[in-house]
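Single-structure report; data block below.
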Amino acid sequence: MKHLITILLILWLVPVSFGQTQLPEVALKIQQVEKGLLPAVQIAGKPPVGYTIAERMRQFKVPAVSIAVVNNGKVEWAKAYGYLSVDSLQKADTETLFQAASISKPLSALGALKLVEQDKLSLDTDINQYLKSWKIKPSRYTEQKPVTLRGLLSHTAGLTVHGFGGYPKGKALPTLVQILNGEKPANSPAVVSDTVPGVLFKYSGGGYVVMQQAIEDLTGESFPAFMQKTVLTPLGMSHSTFQQPLPGVMGKNVSVAHFGNGKKLPGDWNTYPEIAPAGLWTTPTDLAQYIIEVQQSLQGKGNHVLSETMTKTMLTRQIGNQGLGPGLNNGNGPGTFGHGGGNAGYRCFIYAFTELGQGAVIMTNSDDGMDLFYDIYRGISQAYNWPSFKSVTKKVETLSPAQLDRLVGRYEGYGDRKPVLEVTRRDDGLQIRQSWDGYRFVLLPESDMKFFVKDDGGPFTFETAADGTITALLAFGSDRWTKVNWMLCL
């Protein structure tokens, strides 16, 4: 087995291409990306760091990665690297299927908005009016405002259940109603209202299951059949399906899910009956058609699913940076839309500019694929001169052991499980261990109180009381973090 894995790691250097022979200028761009992966942070005073795709795949134990790049409003190139699994001799190619995980949501939103455009659904009507098989239970929150499709699509409906773990092969699959009620064999809690709708952004995969049930009740069709007819076929996504479990006829060229340690998931991958939020099987080339469709529909072209007006509605910020399906960035610089995805053993991301005709899709079959695809996006950004996904250069300050020791301790977060960050000292800075999964990462000092994550640049700040005593650790947004205040507890 060790000899086989060694051979596979060597052969990972050989990519599988999309389409015919590339133009010289495109081939050069591909080489720039393949050899020019960049970390989030470069250290001032040290030689710039860069990687090849093959190097990072080996480091992160990612068996396969597939990429599609959109430029000038079309798929300029697509390539796949690696093998279907750590012990497979079958190369991944541009038709290899990956689980899109939460990237299912913006595609599912297209289908729902099509029904709105056909006057079969309303964005702002109580969704219970469309639900027949199941209803959202009344609560003191829904008494103030109803749950609406707008809220479901933008994660502002005030519903529970962030995401889903899926079901290994051989396990009984729950019905949609069992999932919504949290009844066995469902492995997730019931979807209920616990916040006033329309007040705040609270990510809810459960809300998309409610939307799935509403569409099936309204149309009388299964959600996969509805999406095939309404979205996938019109967009030309011929290597995609929302069917769960994956049909056997499509199972010959499928990437196998892997843990971060490089081992395969039992049964190769999980099944997700929560189809609207997590059930899409697809390829980067197919998802690139979604990018192109949105970009063209905004210009009044294409419009295979939505009109220009409805596309603009979809890309209008609701609360925070969330549209009706995709995430948005309409602040400084060009507008963007996109979404990440993370099912068991798969990590993927879709990112595009609304008006520049550019974007890219990256899909991996590993729990550590996120670390890889951010490096690839920075490589693409460098090659295509994107205004985002840039490495930053930071200067590291030298702190004494005594200065570092005063920051060491256990910092407790919020929630029922009392998550803890364990901070210890090392020669060049600090190390943090996450209590909930054992993950470790390094903080390097910018000053005596300000640090950044060595790998992704995420900033951390230690807070003090008036007498200078350390009281808390504040983590801000980065590739991995959102703003969280961790209180020193020991």
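Nonpolar atom fraction for the chain, defined as the carbon and sulfur part of the 1.4 Å probe accessible area, stands at 52 percent. Taking a ≥ b ≥ c as the square roots of the eigenvalues of the Cα gyration tensor, region 47-101 is classed as oblate, since a/c reaches at least 1.5 and a/b does not exceed b/c.
Give, as ranges by residue number, the residues of region 342-379 whose backbone N falls under 12 Å from the point 7 Å along Cα→Cβ of Q299. 354-358, by backbone N distance to the label point.
A 1.4 Å probe run over the protein chains yields, for the chain, 43 Å² of accessible area per residue, whole-number rounding. At an R0 of 51 angstrom, the distance between the Cβ atoms of T464 and R140 translates into a FRET efficiency of 0.80.
Only helices enter this figure: runs of n ≥ 4 DSSP H residues, each worth -39500 (n - 2.57), summed and divided by the residues of the chain, yield -7000 deg cm²/dmol at 222 nm to the nearest 500. Residues whose amide H lies under 5 Å from that of G198, counting only those 5 or more places away or on a different chain, are A157, G158; hydrogens are built 1.01 Å from N in the peptide plane.
Note on Q118 and Y203: their simple-model spin labels are 3.1 nm apart, each label 7 Å out from Cα toward Cβ. Calculated on the Cα set of region 94-250, radius of gyration then Dmax: 15.6, 50 Å. Calculated on the Cα set of region 180-254, radius of gyration then Dmax: 15.7, 46 Å. Here's the list of lysines a cross-link from K454 could span, going by alpha-carbon distance under 16 Å and ignoring same-chain residues fewer than 8 apart: K46, K390, K394, K395. Bridging of K91 to lysines at a Cα separation below 25 Å is possible for K2, K29, K35, K61, K79, K169, K252, K263, K264, once same-chain residues fewer than 8 apart are set aside. Remark: the T471-S307 segment gains 53.7 nm on full extension, using 0.36 nm per residue and subtracting the alpha carbon distance. Our compactness index for the chain, the C-alpha radius of gyration over the empirical 2.2 N^0.38 Å, is 0.99. Relative to a virtual label point 7 Å from the Cα of T393 in the Cα→beta-carbon direction, which members of region 446-468 show backbone nitrogen distances below 15 Å? No residue qualifies, since no backbone N sits under 15 Å from the label point. Remark on T471: its backbone amide H falls under 5 Å from those of E463, T464, A465, a criterion applied only to residues 5 or more positions apart or on other chains, H modelled at 1.01 Å from N. Using a simple spin-label model with pseudo-atoms 7 Å out from Cα toward Cβ, Q431 and A172 lie 4.5 nm apart.
The values are calculated or read from the model by the stated rules, or taken from the named source; none is laboratory data. For clarity, every value in this text was computed on a predicted model and none was experimentally measured. Neighbour counts run over all protein chains shown; Cβ positions are idealised from the backbone, glycine included. What goes into the accessible areas is simple: the full protein's heavy atoms, side chains included, and nothing from ligands, DNA or RNA. Shrake-Rupley method; radii C 1.70, N 1.55, O 1.52, S 1.80 Å.
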